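What follows draws every value from the coordinates through simple rules; no lab data is involved. Just so we're clear, the structure is a prediction, and the values are computed from it rather than from any experiment. Reconstructed Cβ throughout: ideal geometry from the backbone, glycine too, with neighbour counts over all protein chains shown.
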Amino acid sequence: MYLKKAFDSVISQSLDFEKNIQIIVVNDGSTDNTEEMCLKYRVRYPQNIKYISTKDCFGPAHARNQGLKEAQGKYINFLDSDDYISHNTFKDVYNFFEKHYSEIDVVSIPIYYFGSQKGNHPLNFKFKKTEVVDLLKQPEFIQLSGPSSFFKAEAIENIKFNDKLQTAEDAFFVNQVLLNKLKLGLVKSGSYFYRKFEAKNSLLDYSSKTKEYYISRIKQFHFKLIECSKRDYGEVLKFIQYVLMYDLQWLFKIKKIDHILSYDEIYELYINLIFILQNIDDDVIYNQKNIQNQLKTHIFFLKYLGNDYLANCDCKYRKQVYNDILDKLSLNQVFIDIFEIQNDVIYVSGFITTFFNKKGKVFAFVNDKIFETKELKYPQRDRFSLNFEYAYNNDFELFIPITSKNLKIQFKTDVNDFKDLKIKFNRPCRLSNTSKYSLSKNHIAKVKGSVITVKPKNWVRILKNEISTIYTMLRETNQGWRTGVIFRIVYFILYPFLSSRRIWIFMDLPYLADDNGINLFKYAVGINDGIEKVFVLNKDNFAFDEVSQIGKTIEYGSIKHRIYALFAEKVISSHPDNGLVYPFWGNYPFLSGLVKFRLVFLQHGITKDNISMWLNKADKNISLIVTASKLELQSFFKYPYNYHKDVPQLLGFPRYDALEKKEDYKEIVIMPSWRRHFHHSTKEKILKSNYFKIYNTLINDSRLIDFCKEHGYKLIFKPHPNVYRFIELFETNDYVTIDSTSNSYNNIFTHASLVITDYSSIAFDFAYLKKPVIYYHYAQDYHFDIEESYFDYKTMGFGEVVDNHEELIDLIMEYIESECEMKNQYIKRVDDFFEFNDKNNCKRVYEAIKKMDYE
């Protein structure tokens with residue numbers, strides 16, 4: 001599917017394809033229909049297309065080297081198979097090359113993301129105009145991408161892709177060529193479209209879990225690039241330093257590697273990193289835009305303190321190094337996670353980072369009064385880089401009563417002699433470093449430097465701050481500013497009409513209306529209480545018209561949805577991810593101060609594991625979390641979520657009201673959960689995984705299939721939706737149904753006879769109906785630590801736990817023979833676990849939401 005788009009983008013170039021372009025396809029051991037598609041295109045263009053196939057997957061370096069052997073063109077590009085190039089790119093690049101032929105060997109074009117993520121590549125800043133840049137004068141204009149580069153064929157000569165590299169092979173290749181002339185051509189009008197989706201960057205993600213990523217990558221890329229520059233010029237040129245540092249940032253951001261490397265290997269890695277950093281000038285490190293200042297501090301300590309720093313020695317130079325970079329990196333900062341005003345009380349939470357003391361107390365100075373903050377603990381935010389804890393987060397919260405018309409709030413800490421801390425904001429705080437004021441019911445809060453002021457709200461103050469905010473956005477022109485300005489203007493135009501309306505937005509996933517969101521929405525629209533209730537869903541979803549018959553439904557992500565989200569009082573969702581509930585998440589910093597809604601998390605499954613890494617208050621700031629069991633409720637206070645006691649509430653899931661036993665379709669449903677470590681894996685890696693082999697064997701087991709046939713039971717394989725992208729890898733047979741459709745989960749729950757899962761929370765839905773469950777724990781490969789979970793499958797689960805294939809088959813057959821009845825011991829566990837079974841969950845949840853304070 002993706003290869004066709006890549007092919008067509010080249011064939012349809014404005015530069016005549018048949019006269020000017022050669023395509024060389026290297027099939028590097030793929031398992032899909034690549035060969036069939038390539039041969040079809042080759043039949044159409046036999047003179048333009050050459051097809052090369054390797055039996056095994058050798059990696060991108062080997063594939064590109066094979067292609068280079070066959071290349072006959074004057075200029076060469078390496079297009080990835082799931083990307084594409086804009087219509088006029090080849091002609092524009094060709095004309096530019098011809099005009100500057102003697103000056104340059106490489107031409108670069110901008111990269112634009114599409115698919116699951118849209119926007120500019122971080123290095124697109126250099127494309128302000130079409131030009132030739134001198135890399136000695138503009139060393140920050142680096143080029144690392146091979147696919148977005150075009151090369152003069154004669155300049156490549158004997159340069160080859162390093163097949164010892166699984167990643168960064170194109171960055172090494174590009175910069176070997178650039179070292180010849182130290183010039184780079186930039187063609188602004190070209191466009192390389194880089195597909196971002198779950199499988200993208202799969203090789204990088206997989207490689208970072210291998211020893212070679214940390215050992216071979218350092219020696220074969222960083223060391224060799226340093227060697228090439230020193231060999232040719234006697235020094236590491238500045239632009240090479242920028243290449244090295246840009247690439248190293250992704251390495252330094254990796255927190256833990258002790259599951260990949262031994263202690264000695266980690267130590268060797270650090271020694272190598274220190275050597276590389278000592279070949280990089282300070283200003284190159286300072287100028288990195290994608291590294292937090294705290295991590296830059298760690299990098300500087302490594303560079304200047306070396307082994308003493310690794311040994312955590314308090315050497316005499318450490319304080320001096322810190323003082324040298326303190327002002328340049330603005331380390332005297334407090335980061336605010338949450339700033340909100342409700343009922344004349346300000347709530348603030350945030351953190352400061354310390355480097356020499358594990359503890360640092362934060363104080364708020366409010367007018368003439370000092371407020372001591374309460375310490376919070378977010379161990380999930382501990383600052384590690386490659387197993388080294390380089391800094392300490394000091395998390396805090398406090399409540400400040402508004403007792404005066406004018407409040408002036410500053411933050412100070414005892415670790416830096418109570419100097420004023422400059423205020424920064426994390427998303428989704430309702431203040432930001434761009435949108436520097438926020439509105440509540442009666443107040444306006446504004447930040448400037450190290451001070452937040454809170455004053456009574458009036459239109460003079462609002463307009464004055466709004467003009468200042470838009471002026472700042474126009475002046476700074478940060479990415480997304482145009483959208484931010486437009487929506488702010490629209491907001492104030494619509495304010496007289498929408499500000500007084502009570503709007504509640506309900507949702508499940510954008511592509512789904514089959515969870516707690518839609519079930520609560522069905523209940524809510526029947527209540528006439530003056531609240532405007534809307535459901536958001538993708539317009540092309542098959543259920544959109546059906547939901548529209550229930551109540552007001554708008555297209556997810558549409559302009560209308562984004563405007564409603566700005567004025568909404570509540571967003572009520574079964575999925576709380578910021579990128580979902582904020583339809584303008586990419587532009588959030590420009591709109592943060594206007595947002596007022598409080599988030600209700602209905603959940604989409606029982607929380608049985610410690611998911612505080614993802615669901616903590618600092619990141620999500622949820623106002624109400626719905627739970628269905630006392631044990632589940634208690635777990636939110638056992639782990640470091642840091643929600644206040646009134647946020648998680650025991651109310652029951654709305655979708656449980658719709659659960660009832662219906663006609664038994666005599667279906668055995670296999671529903672395994674997802675594995676996060678597959679999130680970026682290639683299909684080739686999936687094929688080799690234990691997960692795939694286990695379930696592929698299960699759904700093709702002849703003993704199970706024959707037994708089900710004999711007793712009239714169907715077999716349904718319904719995996720997690722993330723599996724759908726490689727569902728075709730599973731072997732099919734004429735009996736088992738592989739379901740990758742949007743078939744209603746409720747239909748499955750109410751009609752199926754037995755479910756086989758591993759760790760999926762769908763087991764709770766089955767159990768709620770007193771239907772039998774089997775847990776298949778074939779290996780300890782789940783992404784959550786089940787030893788840390790309060791839910792013990794063997795003593796609390798609603799069915800047997802098995803760990804081998806034959807035992808599983810025998811147990812399924814045993815259940816079929818007993819007509820799939822849940823055993824008494826598991827029925828008792830169901831009764832003990834769930835708090836409610838009275839069909840009033842929607843009522844309780846809706847009433848709890850109505851009781852929430854709002855401004």
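Just a few scattered comments:
- Among the GluC sites (Glu not before Pro) found in segment 633-669, those both in a DSSP coil and sparsely packed, with 12 or fewer other Cβ atoms within 10 Å of their Cβ, are Glu660, Glu663.
- Over the chain, DSSP H runs of length four or greater, each weighted -39,500 (n - 2.57), average out per residue to a 222 nm ellipticity of -10500 deg cm²/dmol.
- The simple spin-label model puts a point 7 Å past each Cα toward its Cβ; for Lys359 and Asp163 those points are separated by 5.9 nm.
- Applied to segment 340-354, the Karplus parametrisation 6.51 cos²θ - 1.76 cosθ + 1.60 on θ = phi - 60° returns per-residue 3J(HN,Hα) values of 8, 10, 9, 6, 6, 10, 9, 10, 10, 9, x, 7, 10, 10, 10 Hz, with x for Gly and Pro.
- DSSP-loop trypsin sites (Lys or Arg not before Pro) across segment 69-168, with at most 10 other Cβ within 10 angstrom: Lys118, Lys128, Lys129, Lys137
- Percent RCO, i.e. relative contact order, over the chain, from Cα pairs under 8 Å lying at least 6 residues apart: 8 percent
- Between amide H atoms placed 1.01 Å from N, distances below 5 Å from Ile738 occur with Phe717, all of them 5 or more places distant or on a separate chain.
- Sorted by Cβ density within 10 Å, fewest first, the residues Ser573, Ser262: Ser262, Ser573
- Between Phe497, Ile254, Thr607, the Cα set farthest toward the positive side of the dipole of the chain (charges on each charged residue's Cβ, about the Cα centre) is that of Phe497.
- Within-12-Å neighbourhood charge of Asp529 [Cβ basis; K, R +1; D, E -1]: +1
- In plain terms, the bigger the Kirkwood radius, the slower the diffusion; for segment 333-457, with that radius from Cα pairs, at 4 °C and 1.567 mPa s, Stokes-Einstein puts D at 86 µm²/s.
- Above-threshold pairs, the threshold being 18 Å between Cα atoms, out of Lys238/Lys289; Lys608/Lys638; Lys253/Lys319; Lys99/Lys238; Lys255/Lys361: Lys253/Lys319; Lys99/Lys238; Lys255/Lys361
- For Ser330 and His777, the difference between the fully extended length at 0.36 nm per residue and the C-alpha to C-alpha distance is 156.0 nm.
- Cα-centre dipole for segment 450-505 with unit charges at Cβ (Lys and Arg positive, Asp and Glu negative), debye to 20: 200 debye
- Spread over its residues, the convex hull of the C-alpha atoms of segment 298-402 is 123 Å³ per residue.
- What you get for the chain, charging only the Cβ of Lys and Arg (+1) and of Asp and Glu (-1), is a dipole of about 3940 debye around the Cα centre.
- 10 Å binning of all Cα-Cα separations within the chain, expressed as whole percents from 0 upward: 2, 11, 18, 22, 22, 17, 8, 1, 0
- Antiparallel %, DSSP beta bridges [both residues in the chain], to 5: 55 percent
- The label-point distance for Ile489 and Asn426, in a model that sets each label 7 Å from Cα toward Cβ, rounds to 3.5 nm.
- The aspartates and glutamates whose alpha-carbon is closer than 16 Å to the alpha-carbon of Lys662, local same-chain residues fewer than 8 away aside, are Asp765, Glu819, Glu821.
- Between the listed residues Ile402, Leu79, Asn27, the Cα displaced farthest toward the positive end of the dipole of the chain, a dipole computed from Cβ unit charges relative to the Cα centre, is found at Ile402.
- Descending principal axes extents, segment 659-833, alpha-carbon based, whole Å: 44, 41, 31
- Computed over segment 238-316, Kirkwood Rh from alpha-carbon pairs, angstrom: 13.2 Å
- Theoretical gain in end-to-end length, Glu103 to Val525 [0.36 nm per residue, Cα-Cα removed]: 145.1 nm
- Residues of type aspartates and glutamates that Lys211 reaches as a straight line, Cα spacing below 13 Å, ignoring anything fewer than 8 places off in the same chain: Asp258, Asp264, Glu265, Glu268
- log10 of Debye I(q)/I(0), alpha-carbon scatterers only, for segment 732-799 at 0.17, 0.21, 0.26 Å⁻¹: -0.74, -1.01, -1.24
- Length added when fully stretched, Thr210-Asp734, from 0.36 nm per residue minus Cα-Cα: 184.7 nm
- Percent of C-alpha pairs per 10 Å bin, segment 2-199, short to long: 8, 36, 40, 15, 1
- Modelled spin-label separation between Ser689 and Ala155, with each label point placed 7 Å from Cα along the Cα-to-Cβ direction: 4.1 nm.
- Packing-based order for 594-600, 552-558, using average beta carbon neighbours within 10 Å, highest first: 594-600, 552-558
- One equal scatterer on each Cα of segment 494-652, no solvent, Debye formula: the resulting log10 I(q)/I(0) at q = 0.20 Å⁻¹ is -1.33.
- Listed pairs Lys533/Lys850; Lys4/Lys118; Lys666/Lys718 exceeding 19 Å between Cα atoms: Lys4/Lys118
- Residue (of Asn307, Phe173, Val485) at the positive-pole extreme of the chain, dipole from beta-carbon charges: Val485
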